[in-house]
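The values are calculated or read from the model by the stated rules, or taken from the named source; none is laboratory data. Nothing here was measured: the structure is a model prediction, and the numbers come from that model. Ideal geometry is used to build each Cβ from the backbone, glycine not excepted, and the neighbour counts take in all protein chains shown. To get the accessible areas, we keep the full protein, side chains included, count just its heavy atoms, and leave off ligands, DNA and RNA. Shrake-Rupley method; radii C 1.70, N 1.55, O 1.52, S 1.80 Å.
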Amino acid sequence: MPLSNIALPVAIGAAVALVPLAPDVSAAGVSPSAASAACKGARTCYVDVSVAQIWVSPDQVRTVDAKALTNPADIRGWFAAMAHDINLRRDVPGETQALYGGRVTVVDTTTKDGVLWDKVLVHGQPTPRDAAGYPGWMPDRQLTKLRKKAPSGTTAERVTGPTARGYASRRALAAGARSKGGTEYSFNTEFAVKPVAGVPSVVEARANDGTPIYFERGDLAKVPTSGVTGDEVVAEARKFLGLEYLWSGTAGFGYDCSGLTSQVYSALGITIPRDSQPQFDAGGGAAPAGSAEGERITSPTDLRPGDVVGFGSSTSSVTHVGIYVGTNEKGEPMMINSPKTGERVREEPLTNRPFVGATRFIGS
């Protein structure tokens with residue numbers, strides 16, 4: 001997001017009246033007990049949809065947002081419903097997104113149109129707004145209080161492509177085209193994973209409730225524990241060239257500017273702030289709780305690949321970020337960034353925007 005503390009635009013369209021889901025809302029790779037195992041008063045809960053949109057408030061949700069409010073959530077369908085109107089995409093009344101299995105702390109609840117909503121703090125997205133996590137609202141039915149302990153013999157792995165499909169059975173994985181069936185999970189979604197005996201091309205992951213989800217072996221990989229390089233940061237960012245911008249996006253279906261930078265770093269095992277200004281401030285000794293500290297870089301000539309470059313009217317008004325990639329054949333400093341609503345992730349010169357400095361989160 002351009003700024004962590006700006007007021008979002010007034011929501012466009014009528015508020016949506018939410019209808020409680022039927023008990024059976026399962027899809028391949030999503031627990032059949034999702035509806036009955038919702039958070040319902042628990043303080044610690046876990047995201048139980050592939051991507052959960054985190055809203056400013058239930059009152060600002062629009063009719064067009066209906067597909068993002070269900071369990072399972074239909075993020076592609078939601079994005080498609082807004083495709084005809086750039087204002088709908090620009091004015092999403094959201095703060096951020098949270099990925100499947102992500103932990104949240106519930107700090108308040110309310111009911112609107114018969115649907116229970118939770119105010120949550122999303123862990124793993126550092127922000128100066130709250131030391132415990134990124135604040136916002138989501139439907140209780142997209143959360144679960146169930147989180148089975150990972151069984152022995154599993155390792156933590158994350159989705160490596162923009163998205164990957166998980167299936168409820170090996171047969172479904174083998175029979176289905178990769179573009180059909182199953183549940184589509186985002187880049188950087190973490191699972192407990194183990195190999196499948198005798199089938200090296202398949203791995204078995206675990207859903208929140210412990211049931212198996214099957215992926216192609218190449219869809220998941222361990223997170224680096226040390227020695228991340230700038231070139232690796234750039235390589236991760238390049239996976240998303242051509243992806244559409246989505247305000248509040250932190251998933252491989254669509255990113256905003258700081259959603260892209262923060263998730264690329266997270267996938268490499270480095271937690272940085274969620275929003276643009278805090279990402280910049282982390283290089284000046286003001287990293288929020290839970291974030292890596294950074295080093296301030298003031299001149300474009302001192303940049304290294306992987307640096308988070310900041311743009312705005314001043315160092316206290318950073319409204320855009322990208323990832324520095326090096327110079328092009330003309331000697332121009334270049335970055336990968338998710339520019340704005342209606343545009344796609346691209347590589348372009350830093351000189352297209354007012355550069356105010358950068359934050360270096362890695363040593364080389």
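Give the separation of the Cα centroids, segment 325-341 to segment 261-320, in Å. A separation of 16 Å, based on Cα centres.
Computed from backbone phi, the HN-Hα couplings of segment 70-80 come to 8, 9, x, 7, 10, 5, 5, x, 5, 4, 5 Hz, rounded to whole numbers (Karplus: 6.51 cos²θ - 1.76 cosθ + 1.60, θ = phi - 60°; Gly and Pro given as x).
Lys and Arg at +1, Asp and Glu at -1: add these up for the other residues within a Cβ distance under 15 Å of Pro195 and post the number.
Numbers: positive: Arg170, Lys194, Arg206, Arg217, Lys222; negative: Glu157, Glu204, Glu216, Asp219.
Combined, the nearby Lys, Arg, Asp and Glu give +1.
Summed over the residues of the chain and divided among them, the accessible surface reaches 40 Å² per residue at a probe radius of 1.4 Å.
For the Cα trace of segment 324-364, dividing Rg by the Kirkwood Rh returns an Rg/Rh value of 0.99. For Pro58, neighbours were defined as the other residues whose beta-carbon sits under 15 Å from its Cβ, and their charges (Lys and Arg +1, Asp and Glu -1) total -3. Here the Gaussian network model covers the chain, with springs between Cα atoms less than 10 Å apart; of Gly198, Gly269, Gly227, Gly198 fluctuates the most.
Based on every Cα atom in segment 59-216, Rg and the maximum pairwise Cα distance Dmax equal 17.3, 52 Å. Rounded if a/c is under 1.5, else prolate if a/b is larger than b/c, else oblate: which is segment 264-343, with a ≥ b ≥ c the root eigenvalues of its Cα gyration tensor? Judged from the Cα gyration tensor, segment 264-343 comes out rounded (a/c under 1.5).
Sites count as exposed loop sites when they are GluC sites (Glu not before Pro), lie in a DSSP loop, and have at most 11 other Cβ atoms within 10 angstrom; the longest stretch of the chain without one is 1-328. In this structure, Arg217 and Arg238 have a Cβ-Cβ separation that, at R0 = 22 Å, corresponds to a calculated FRET efficiency of about 0.50. Seen from a random direction on average, the alpha-carbon convex hull of segment 81-155 projects onto 7.8 square nanometres.
Sort largest first and round to whole Å: the equivalent ellipsoid semi-axes of segment 195-308, each the square root of five times a Cα gyration tensor eigenvalue. All intermediate terms of the calculation are to be shown ahead of the outcome.
Details: eigenvalues 191, 49, 45 Å².
So the equivalent ellipsoid measures 31, 16, 15 Å along its semi-axes.
Database note for the chain: Cys without another Cys beta carbon under 4.7 angstrom, Cys257.
Starting from the coordinates of the alpha-carbon atoms of segment 304-351, obtain the Kirkwood hydrodynamic radius over all distinct pairs and give the value in Å to one decimal. Each step should come with its number before you reach the end.
Numbers: mean 1/r = 0.0889 Å⁻¹.
For segment 304-351, inverting the mean 1/r across all distinct Cα pairs yields 11.2 Å.
When the Gaussian network model of the chain links Cα atoms closer than 10 Å, the mean-square fluctuations of Asp281, Asp91, Asp59 top out at Asp59.
When the listed pairs Lys67/Lys119; Lys40/Lys112; Lys149/Lys194 are checked against a 23 Å cut-off, every alpha-carbon distance falls at or below it. Computed about the Cα centre, the dipole magnitude for the chain is approximately 920 debye when only Lys and Arg (+1) and Asp and Glu (-1) carry charge, each at its Cβ. Computed over neighbours whose Cβ is under 10 Å from that of Lys67, the net charge equals -1, Lys and Arg +1, Asp and Glu -1.
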